[in-house]
Structures are given as C-alpha cells and as structure tokens.
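Asks: Sharing a structure, written as structure tokens. Questions coming.
The values are calculated or read from the model by the stated rules, or taken from the named source; none is laboratory data. Just so it is clear, the structure is predicted and the values come from calculations on it, not from any experiment. Because the Cβ atoms are built from the backbone with ideal geometry, glycine has one as well, and the counts that use them run over all protein chains shown.
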Amino acid sequence: MYKYLIVLSVFALFGCASDEEAASEKEVEKAEIDSEFGEKKLLTLQKNGITLTEFTDYPVYKDAALSLVSPKGKARLGKNDFEFDVKNFPLGVGTVEQEKTKLKAQSEGQHIKFIYSGHLPKITNTTMLEEDLSAGENYIFAVLSRSYNLSVHAAKEGYLMSKISIYENKSKIEKATGIHLVPISPVGQYEYEVSKKILLDFYLVNTQLKENGNYVLVTIDDTEFMIKKWVPFTIEGLSAGMHSVSFKLMDVNNHLISGPFNDIGKIEFTLKANDIY
C-alpha cells in the first residue's frame, strides 16, 4: 500500500493568495507517496476525480545523446530527409520494466520522437525520418523516448530543437532560442483495459519550473492543474471515450510565454472501451 502524506496548501498557511488562486488551491489535493522503488517521494495532484501522480523517470539515460547529421545549414521546401546520430541509447528495444509500468507501449520500442510545428508527433526507431517543410519559419523538435513514450529528461544532449527558415531560394537551419515547452503525451488512442494509467509528459527547453516562477498549466477536459515541477505524471480517473489535454507555459504573472509549442491548443486522445466495461 502507498502511504499518503497530505501537504497543506500555501493559501492555508499564509492566507495571501488571490480569491481565484485560493479556490484553485482548495480544490487540488496535494500529497506525497512512497515510490515503488523506495527511492523518493512522489508528488500527486487530485481534482474533480482526476489524479496526477509523479512517474519514476527510469532508467535515467543521463549520458544519452541525440544530434542532427543532415540536413545541415540549410533545407529545402517540401520533402527533406532527416538523419540523426544517437549515442548511449539503444533504439528499437523495449525499455527495462516496460510491462511493470502498465503504460501504453510502442511496438517500435525505444525511439526518436519528432515534432514539426503544427503537426502531430512522428516516431522512428531508426536514425532516419522524412518530413515535408513549408515556406516560412519552421520549428522542429526531436527527443529520445523510451518504449512507453516517456521522453528522456535527464540527458542534456538527449534532444534537439531547431528553427528552419525557408524563403524563396534561401534557407537557414539554426538552433532555436527562447523558452519552450513541447507537449509529448497523451495523444492518440489507448486501450482502456490496459490504460487506466495514461502518461502525461512534456519537455522543457531553456527554462525551469518552480513555486514562484514559470509553471505549466495543464487542462484535462475542463480540469486545470498548475504544474510547478518538471516531472512526468500518470493520469488516472478518466472514463472511456474521447478526452482532451492542453499545455500552456506560463510566467510568474500568469501570462503565456510566447513560443511555437507553448500553447498549441487542445490535443485529443481516446480511451477505447472494451466490451466488458
């Protein structure tokens, strides 16, 4: 059995939050539970029957690395072949303890997740991938991901994000600057009988989350959660059917931080009901 330790909200301790913030805090139950590995406490958030529980970021793959081999320097309008170099991260295999997680797994095994601005993620368990690029400013993001879709957070070189500008006969590829959030999961369809726990994951670039700083506003259907710790979570408490999730990167003053992925709107996902439910 997990052991729960309820943590009082900041509002209850200090009474200095706004009415709106106070109401939000009162509706969210915060707790810490023992990890099944016995190594640390796990944060949980509960609201409107939905529970988010911090997920163990394991195995860490701290030395994993991902880099772009081609295209280099410039790209072309239309189809482009992207080639990557991967180190210390085996592609195409099932991640350790994949079955134990009870999360949706990819048949491709460990993979590279590739996101082109305005498009749904693509995955590849090889170092090659094709994408059609449009004229104007394009952003691409790629990250090493475990077989159950959890991106590698701890590896400083485990991701890449580039800005690709294509205008007439000129193009340029450069490292993206600025502060970014990239939604990872959930997306697509899940078999309900094996997906009572759904992975909630996002990637941060050039920023951190903290109590009095930037945070991520996650909305599942109509229920909002303020995420102030960069960790993956599992989602529990959803019924079979269609749901939506959105991610917004917010500053300490509750303003949206500008960026190509920082608010892409609602992402729909479905829990497919089994006949026995």
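Asks: Assess whether GLY241 counts as being loosely packed, with under 14 Cβ neighbours inside 10 Å, modelled with pLDDT under 95 and touching a Phe, Trp or Tyr at 6+ places or on another chain (Cβ under 7 Å).
Replies: Working: loosely packed, with under 14 Cβ neighbours inside 10 Å: yes; modelled with pLDDT under 95: yes; touching a Phe, Trp or Tyr at 6+ places or on another chain (Cβ under 7 Å): no.
Taking the combined requirement at face value, the residue does not satisfy it.
Asks: Among (1) among the hydrophobic types (A, V, I, L, M, F, W, C); (2) farther than 24 Å from VAL93 by Cα; (3) surrounded by fewer than 18 Cβ atoms within 10 Å (Cβ to Cβ), which single condition is LEU133 missing?
Replies: (3)
Asks: A further question on this structure: Looking only at residues that are at pLDDT below 90 and surrounded by fewer than 18 Cβ atoms within 10 Å (Cβ to Cβ) in the stretch 167-200, which one is nearest to the chain's Cα centre (by Cα)?
Replies: Pass one, the stretch 167-200, residues at pLDDT below 90: 168-169, 191-197.
Keeping just the survivors that are surrounded by fewer than 18 Cβ atoms within 10 Å (Cβ to Cβ) gives 168-169, 191, 193-194, 196.
Values: GLU168: 34, ASN169: 35, GLU191: 20, GLU193: 23, VAL194: 20, LYS196: 18 Å.
Per the criteria, the residue is LYS196.
Asks: Next up: Between a residue in the stretch 130-141 that is within 12 Å of ARG76 (Cα to Cα) and any residue that is part of a loop (DSSP other than H, G, I, E, B), which pairs come within a Cβ distance under 7 Å, given they are 6 or more apart or on different chains?
Replies: What qualifies is LEU133/ALA75; LEU133/LEU77; ALA135/LEU77; ASN138/SER117.
Asks: Same structure again: Of all the residues that make up the stretch 69-123, how many are assigned to a strand (DSSP E or B) and of a type in the set (Val, Ile, Thr)?
Replies: 5
Asks: Restricting to the stretch 211-222, name every residue that is closer than 28 Å to TYR58 by Cβ and either exposed (fewer than 15 other Cβ atoms within 10 Å of the Cβ) or aliphatic (A, V, I, L, M) (or both).
Replies: Restricting attention to the stretch 211-222, the residues satisfying the condition of being closer than 28 Å to TYR58 by Cβ are 211, 213-220.
If the condition is that a residue be closer than 28 Å to TYR58 by Cβ and either exposed (fewer than 15 other Cβ atoms within 10 Å of the Cβ) or aliphatic (A, V, I, L, M) (or both), then GLU211, GLY213, VAL216, LEU217, VAL218, THR219, ILE220 are the ones that fit.
Asks: Let me ask you something else. Scan the stretch 55-68 for residues that are part of a loop (DSSP other than H, G, I, E, B) and either buried (at least 17 other Cβ atoms within 10 Å of the Cβ) or among the polar types (S, T, N, Q) (or both) and jot them down.
Replies: Start the filter on the stretch 55-68 by keeping residues that are part of a loop (DSSP other than H, G, I, E, B), which leaves 55-64.
Of everything in the stretch 55-68, those that are part of a loop (DSSP other than H, G, I, E, B) and either buried (at least 17 other Cβ atoms within 10 Å of the Cβ) or among the polar types (S, T, N, Q) (or both) turn out to be PHE55, THR56, ASP57, TYR61, ALA64.
Asks: Output the residues belonging to the stretch 246-277 that are without any contact (Cβ under 8 Å) to a residue 60 or more places away in the chain and among the hydrophobic types (A, V, I, L, M, F, W, C).
Replies: MET250, VAL252, LEU256
Asks: Further, regarding this structure: Mind checking which residues of the stretch 60-101 are touching a strand residue (DSSP E or B) at 6+ places or on another chain (Cβ under 8 Å), of a type in the set (Gly, Ala, Ser) and more than 26 Å from ILE173 (Cα to Cα)?
Replies: The one that is touching a strand residue (DSSP E or B) at 6+ places or on another chain (Cβ under 8 Å), of a type in the set (Gly, Ala, Ser) and more than 26 Å from ILE173 (Cα to Cα): GLY92.
Asks: Right, another one. Any residue in the stretch 172-186 that is among the basic types (Lys, Arg), in a loop (DSSP other than H, G, I, E, B), touching a residue at least 40 places away in the same chain (Cβ under 8 Å) and touching a strand residue (DSSP E or B) at 6+ places or on another chain (Cβ under 7 Å)? Working first, answer last.
Replies: The first filter runs over the stretch 172-186 and keeps only residues among the basic types (Lys, Arg), leaving 172, 175.
With in a loop (DSSP other than H, G, I, E, B) added as a condition, the list becomes none.
No, the stretch 172-186 has no match at all.
Asks: Search the stretch 78-121 for residues being under 27 Å from ASN138 (Cα atoms) and hydroxyl-bearing (Ser, Thr, Tyr), and hand back the single one that is surrounded by the fewest Cβ atoms within 10 Å (Cβ to Cβ).
Replies: Per the criteria, the residue is SER117.
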